[in-house]
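The values are calculated or read from the model by the stated rules, or taken from the named source; none is laboratory data. Quick caveat: nothing in here was measured; it's all calculated off a predicted structure. Cβ placement follows ideal geometry from the backbone for every residue including glycine, while neighbour counts extend to all protein chains displayed. SASA here: full protein model, heavy atoms, side chains in, ligands and nucleic acids out. Shrake-Rupley method; radii C 1.70, N 1.55, O 1.52, S 1.80 Å.
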Amino acid sequence: MSKVIISVNNLVKHYGQFEAVKGISFDVLEGEIFGLLGPNGAGKSTTLEIIETLRDKTAGQITVDGLDLDRQPNEIKKIIGVQLQTSGFYPGLNLMELIDLFAGLYNRTVDARELLKSVNLEDKAKNKYKELSGGQKQRFSIATTLINQPRIIFLDEPTTGLDPQARRNLWDLILHIRQQGTTVIITTHYMDEAEILCDRIAIIDSGKIIALDTPDKLIDDLVATGFERPKEVKKANLEDVFINLTGHKLREG
Ligand code: ADP
């Protein structure tokens, strides 16, 4: 049985009169990829930002790797990796310089070239952020979460807007990061992605968790109710056609 690395208990968040998060509880296990799914406005970002210590909560208890969010937020900051706002990517600096800058902010020394290599961006070390393709930008953003060698990383819709090849490439990267022992919390609107990547998912709707389990179990539960897809499922889908025609190789230069 894996150890609980994040524990959220009865988390509530009010924005003025509006209750965005309505007393949710869940645990994330060490080494898993945990997905937070839900329609826009469900409360996913609010929940993540509270755990990331970036936003105040209204009520509830949270512990991250045994650290209490109320009493040890700075200790929590040291062991988590958060995607930095792109506005912090100073336009005049190249990728190596940006990593060195962020490492300095974390009070760490990092082998910037090695880190870029780990996200397959060693060829772009001397390029500016704005010169990267969409997939490369996302890979760089993920690299910035790894600078402080965190135990847990938070990825907010990391594959939104990417082409199928770049998405698959990012899945491999996320699986690789998990393989190194890092716990991953991810939000996505792509259900195929959640099914492939996530060990467990929580579905949030209107500030409440309405389901939490492995993708397999959630699908089995639905099938057990007698649910059937209205259309006979073909042995391939349009994405398979696209990948088959254009190949798996990344297209970005
Ligand atoms: P999600 O990430 O699931 O799309 P959010 O956590 O961003 O959802 O938002 C949940 C709800 O809280 C939404 O109705 C949103 O409009 C509201 N909300 C988010 N941030 C603020 C804020 N700073 N002030 C007021 N309302 C907010």
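Brief remarks on what is shown
- Within a Gaussian network of the chain (alpha carbon springs, distance under 10 Å), most fluctuating of 54, 98, 36: 54
- Among 24, 152, 243: highest mean-square fluctuation, GNM of the chain, C-alpha pairs under 10 Å: 243
- For the chain, built as a Gaussian network whose Cα springs stay under 10 Å, the top-fluctuating residue of 135, 35, 181: 181
- In the context of the full set of protein chains, residues of region 81-193 present 45 Å² of accessible surface per residue (probe radius 1.4 Å, heavy atoms only).
- Dipole magnitude (debye, nearest 20) for the chain, charges at Cβ of Lys, Arg, Asp, Glu: 540
- Region 203-225 and region 98-155 have Cα centres lying 34 Å from one another.
- Formal net charge of residues neighbouring residue 131 (Cβ-Cβ distance under 13 Å; K, R +1; D, E -1): +3
- Relative contact order %, the chain, counting alpha carbon pairs below 8 Å whose residues are six or more apart: 24
- Rounded to the nearest 20 debye, dipole of region 90-181 from Cβ charges on Lys, Arg, Asp, Glu: 60
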